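Contents: one structure, followed by commentary.
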Amino acid sequence: ELGAEGIPVCVEPNGRNINSACGAVHPKSLQQLVLQHDAHAGIALDGDADRVIVVDEKGQVVDGDAVMAICGRDLISKGQLPHNTVVSTIMSNIGLERSLSEVGGQVVRTQVGDRYVVEAMRREGYTFGGEQSGHLIFLDQTSTGDGCVAGLRLLEVAVRNERPLSELSRCFERVPQQLVNVKVSRKPPLQDLEKASSLVAKIEKELGEEGRVVVRYSGTEKKARVMVEGPDIKQTKAYAQEIADAIKAEIGV
């Protein structure tokens, strides 16, 4: 946490304030410190250091999708990415696929969870993948997500190319993405929700190759998660809310 004049202050742990206002989940204080100290970059880890979120020299967040684009393209350029493939989950931004496709790469998607990313990597012989949230796995060095390794691998790319992170991250252009959570009373198969599934199909057809719709249930909460990507942020928000409202009408609390 930051105290007076942006100086970090110690936090007394009480068993409930883990990652409180700091770390990969809350990078705002790191952004301020990078600018304050004119640093080249900042690295934020979560409580068990398996996630990393990076801040560039301009104080802008470089998330897991951007890191996968930078490192994936670099590995492809060196001929060190098996099958020119990065493994990510269904929640990674479509901008990652577009970035890698520019250099002959591709994305293989899994369900949400870094365990599924690792399973796919081991099964198919891939060596690099991760999640938008900053779980990044370099199987040539580690057997699971490691924020320290991921941060160092990214910095190595920057140093070797003698380019700041803000320039490297230009290879990744994020498509507007909107996420809406809906509290639900039960979790029937999504295809059984007649109005919602029909609406999803309609919106997917309207978006075509310019966007995506992902609807799934939370694995830990009684919630449905609606994610929509598209070229127009206002339209994307409207689509996501429309689907969320349809789900709420059928099985909402």
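The values are calculated or read from the model by the stated rules, or taken from the named source; none is laboratory data. Just so you know, these numbers come straight off a predicted model, no measurement behind them. Cβ: placed from backbone, ideal geometry, glycine included. Neighbour counts: every protein chain shown. Just the protein is used for accessible areas: all its heavy atoms, side chains included, with ligands, DNA and RNA removed. Shrake-Rupley method; radii C 1.70, N 1.55, O 1.52, S 1.80 Å.
Over all Cα pairs of region 190-232, how is the pair count split among 5 Å bins, expressed in % and running from 0 up to the last occupied bin?
Computed distribution, short to long bins: 5, 21, 27, 23, 15, 7, 2.
Mind checking which of GLN106, PRO189, CYS148 is farthest towards the positive end of the chain's charge dipole, using Cβ charges of +1 (Lys, Arg) and -1 (Asp, Glu) about the Cα centre?
Value computed over the given set: PRO189.
For the chain, report the accessible area per residue in Å² (1.4 Å probe, heavy atoms, rounded to an integer).
Value for the chain: 52 Å² per residue.
Would you calculate, for the chain, the mean residue ellipticity at 222 nm contributed by helices, counting each DSSP H stretch of 4 or more residues as -39,500 (n - 2.57) and dividing by all residues, to the nearest 500?
The helix-only estimate for the chain comes to -11500 deg cm²/dmol at 222 nm.
Per residue and in Å³, how big is the convex hull formed by the alpha-carbon atoms of the chain?
In the chain, the Cα hull volume divided by residue count equals 151 Å³.
Taking H placed 1.01 Å from N in the peptide plane, check which residues at least 5 places from GLU57 or on another chain put their amide H under 5 Å from its amide H.
Those qualifying (amide H under 5 Å, at least 5 residues apart or on another chain) are LEU165, SER166.
Filter the GluC sites (Glu not before Pro) in region 35-133 down to the DSSP loop ones having no more than 14 other Cβ atoms within 10 Å, then list what survives.
The qualifying sites are GLU102.
Going highest first, how would you order 226-235, 46-55, 189-198 by mean Cβ packing within 10 Å?
Most protected by this proxy first, the peptides run 46-55, 226-235, 189-198.
Looking only at region 212-247, which residues have a backbone nitrogen under 14 Å from a spot 7 Å from the Cα of LYS202 in the C-beta direction?
Taking a point 7 Å out along Cα→Cβ of LYS202, the residues of region 212-247 whose backbone N falls under 14 Å are 239-247.
How much length, in nm to one decimal, is gained on full extension between LEU155 and SER218, taken as 0.36 nm per residue of separation minus their Cα-Cα distance?
Result: 19.3 nm gained on full extension.
Percent of accessible area on region 64-131 owned by carbon and sulfur, 1.4 Å probe?
The nonpolar share, carbon plus sulfur, comes to 44 percent.
Want the number for ARG98 to THR142: 0.36 nm per residue separation, take away the alpha-carbon distance, what's left?
In short, 13.1 nm is gained.
Full extension from GLU119 to ALA39: what is 0.36 nm times the residue separation minus their Cα-Cα distance, to one decimal in nm?
That works out to 25.1 nm of additional length.
If you take the square roots of the eigenvalues of the alpha-carbon gyration tensor of region 211-253 and sort them as a ≥ b ≥ c, do you get rounded (a/c under 1.5), prolate (a/b over b/c) or oblate?
Oblate is the answer for region 211-253, as a/c is 1.5 or above yet b/c matches or exceeds a/b.
What distance in nm separates the simple spin-label points at LYS234 and LYS78, each placed 7 Å from Cα in the Cβ direction?
4.6
Looking at the square roots a ≥ b ≥ c of the eigenvalues of the Cα gyration tensor of region 1-113, which shape do they give, rounded for a/c under 1.5, prolate if a/b is larger than b/c, or oblate?
Prolate, since a/c reaches 1.5 and a/b exceeds b/c.
Quick one: check the C-alpha center-to-center distance for region 120-138 versus region 180-253, whole angstrom.
27
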